[in-house]
Amino acid sequence: MRNERIGDDGSQRRGVPHDTRMKLPLVTLVLAACSTVLPAQKGIPHEGRAATAANSRRPNVVVFFIDDLGYGDIGPFGGAFPTPNLDRMAKEGMRFTDFSVSSAVCSASRAALLTGCYHQRVGIAGALGPDAQIGLHENETTIAELCRAQGYATACFGKWHLGHHPKFLPTRHGFDEFYGLPYSNDMWPLHPNYANLPKDAKARKQGYPSLPLLEGERVVDAEVTGSDQELLTRTYTERAVDFVERNRERPFFLYVPHTMVHVPLFVSAEFAGKSCKGLYGDAVMEIDASVGRILDTLRRLELDSNTLVLFTSDNGPWLPYGEHAGSAGPLREGKGTMFEGGIRTPTIAWWPGRVPAGAACAEFAATIDVLPTIAKVVGAKLPEHKIDGLDITPLLFGEAGATSPHEVFCCWYAGGQLQAVRDARWKLHFPHGYPSLDGKPGGRGGSPAPQTTQQIGLSLFDLRNDPGERIDVAAANPDVVARLQKLADAARAELGDTLTKTKGTGARPAGRLQDGDARLVW
Ligand SMILES: [Ca+2]
């Protein structure tokens, strides 16, 4: 929990009372739409035969979850780096321009994506480090478990970050296969907070142990080096391609949470200098190429018309890293804050023949919606426990008049503070502190510049006209403030709020390492 916590060491989930949201009529509308459309068939001999079999089966799902990629980093969202594969993906699919993660930091964000719950509900906050004794609870239900129950092959290639001890690993949460890092790639002895200290410095001894690489539950490299990190993006991609090829005749759920573009940045030789815009741009280009290679594999095996692919990021850019960080584009702040720059992520959905091509969806949606949406697509039942996400297939499939199913979305951070709530148009911040460069430049060469804690008072922003959250319009809209306050009160009662010292009733605990549990040793 050391380096990445950015003040989010114990946040809680925002709990939108399920009942409130379920009032919305859309949810039921949606259901009819998704299972009825049959994918186009392209039967051609050889691989075409597999495709024909594939097309009559349940759809495959692929989720890319990029680490710390900013809203303004990729071509379809106005980014400056060349991303031809994502450009094509957006041209053939749909951009979601108002799509949020649950928390502006790694572990919490991943917990929400995989469980369909606010991270506050499932007890995972901040970024878990090598000394963490907790992880995703065994009673939580992940997308992988829902899919596996439907007969899907499942795999995770990339960064897990929901607990590194065996009982918390992907293989215990519905994934048949896992290859990757257990947590962030900067949680190693070369972290800039420690690497530059004298060898005998006391603080240096508090640094990180060597970084392990896992296959399944086994450590296959006990000391990942920089040279090893250069190969991560490529190796995850090769694993993903191999997994798709091996499962071409069986439905699959493939989760690719790339280690990049989280610092420290590394690229393979092929991408070194390729962007002509620095190492960060090179890393974005290698991620882009990874997406292209996997989409090309789906096309080659004629699985494209039967595969839903989602691309998004786990949080906004880590701005103190300056030239080694991305851009939030027009949005305010970045990772570690619940401003839009921290939580609104560049999101693309792709499913030729199902998701409208070249479309943009400006309706609000979030990573908590991914589980119920995939459940709908693959014909799985939702978990019996309460979740916070809602089915967004009407948006995904471009139903006329479809709107966001969310009445409210809540932003918990920094130890369970309910820092903000929003609806389709308005976002109300409650008074809180947040880390910021405050207009100063970010760091250079992979070292972060210091941030200071800034304060925001009660503030209302009109996201429709001011997505950059610059102009406080609370005074002019007392009715909106009152309505959002009321929704926030309900969320606090459900999942708590440390800002108002409210205890919620609906939160569930994280999993905790117990005496006798196996430890990951390396
Ligand atoms: Ca992250």
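The values are calculated or read from the model by the stated rules, or taken from the named source; none is laboratory data. Just so it is clear, the structure is predicted and the values come from calculations on it, not from any experiment. Cβ coordinates were reconstructed from backbone atoms using ideal geometry, including for glycine residues, and neighbour counts include every protein chain displayed.
Annotations
- Given (1) buried (at least 23 other Cβ atoms within 10 Å of the Cβ); (2) assigned to a loop (DSSP other than H, G, I, E, B); (3) out of contact with any Lys or Arg (no Cβ under 8 Å at 6 or more places or on another chain); (4) not basic (Lys, Arg), index of the condition residue 156 fails: (2)
- Filter result (of a type in the set (Asp, Glu), in contact (Cβ under 8 Å) with a residue 12 or more places away in the chain and out of contact with any strand residue (DSSP E or B) (no Cβ under 7 Å at 6 or more places or on another chain)) within segment 492-522: 494, 517
- Counting only helices (runs of 4 or more DSSP H) wholly contained in segment 166-230, the ones carrying 1 or more residues that are at pLDDT 95 or above and either within 22 Å of residue 265 (Cα to Cα) or not β-branched (Val, Ile, Thr) (or both) occupy 226-230.
- Number of the exception - residue 249 against (1) over 30 Å from residue 360 (Cα atoms); (2) of a type outside the set (Val, Ile, Thr); (3) touching a helix residue (DSSP H, G or I) at 6+ places or on another chain (Cβ under 7 Å); (4) within 16 Å of the ligand (Cβ to nearest atom): (4)
- Here is the figure for segment 269-280: residues that are in contact with a Gly (Cβ under 9 Å, 6 or more places away or on another chain) and not in a loop (DSSP other than H, G, I, E, B) total 2.
- Filter result for residue 197 (within 16 Å of the ligand (Cβ to nearest atom) and either out of contact with any Leu (no Cβ under 7 Å at 6 or more places or on another chain) or touching a residue at least 12 places away in the same chain (Cβ under 8 Å) (or both)): no
- The residues listed here are 510, 490, 424; of these, the one that is touching a Pro at 6+ places or on another chain (Cβ under 9 Å) and over 26 Å from residue 321 (Cα atoms) is 490.
- Options 357, 365; residue that is crowded, with 19+ Cβ neighbours inside 10 Å and either at pLDDT 95 or above or assigned by TED's automatic domain parsing to the domain that holds residue 463 (or both): 365
- Residue satisfying all of: in segment 127-158; in contact with a strand residue (DSSP E or B) (Cβ under 7 Å, 6 or more places away or on another chain) and small (Gly, Ala, Ser); farthest from the ligand (Cβ to nearest atom) among these: 153
- Taken over segment 252-268, the residue count meeting the criterion of being of a type in the set (Val, Ile, Thr), more than 16 Å from the ligand (Cβ to nearest atom) and in a strand (DSSP E or B) is 0.
- With respect to the stated conditions, residue 397 fails to be touching a residue at least 24 places away in the same chain (Cβ under 8 Å), under 22 Å from the mean Cα position of the chain (by Cα), within 16 Å of the ligand (Cβ to nearest atom) and in the same structural domain as residue 138 (by TED's automatic domain parsing).
- Qualifying position, being under 14 Å from the mean Cα position of the chain (by Cα) and over 27 Å from residue 435 (Cα atoms), among 267, 291, 256: 256
- Test result for residue 161, under 23 Å from residue 417 (Cα atoms), touching a Phe, Trp or Tyr at 6+ places or on another chain (Cβ under 6 Å) and within 16 Å of the ligand (Cβ to nearest atom): yes
A quick yes/no check of all residues on (1) within 16 Å of residue 113 (Cα to Cα); (2) outside the structural domain of residue 115 (by TED's automatic domain parsing); (3) among the aliphatic types (A, V, I, L, M):
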| site | (1), (2), (3) |
| --- | --- |
| 137 | yes, no, no |
| 157 | yes, no, no |
| 166 | no, no, no |
| 179 | no, no, no |
| 182 | no, no, no |
| 195 | no, no, yes |
| 201 | no, no, yes |
| 210 | no, no, no |
| 221 | no, no, no |
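- Qualifying residue in segment 473-494 (condition: on the phi < 0 side of the Ramachandran plot, of a type in the set (Asp, Glu) and crowded, with 17+ Cβ neighbours inside 10 Å): yes
- Residue that is nearest to the chain's Cα centre (by Cα), among those in segment 129-153 that are farther than 19 Å from residue 60 by Cα and surrounded by fewer than 21 Cβ atoms within 10 Å (Cβ to Cβ): 129
- Some residue of segment 292-310 being within 14 Å of the ligand (Cβ to nearest atom) and over 18 Å from residue 257 (Cα atoms): no
- The listed residue being more than 22 Å from the chain's Cα centre (by Cα) and surrounded by 15 or more Cβ atoms within 10 Å (Cβ to Cβ), out of 305, 227, 313: 305
- Residues that are crowded, with 24+ Cβ neighbours inside 10 Å and over 17 Å from the mean Cα position of the chain (by Cα) within segment 326-349 comprise just one, 333.
- Pairs, first over 17 Å from residue 79 (Cα atoms) in segment 335-349, second modelled with pLDDT under 95 and within 14 Å of the ligand (Cβ to nearest atom), C-beta under 9 Å, six or more apart: 335/4; 335/6; 336/4; 336/5; 336/6; 336/8; 337/6
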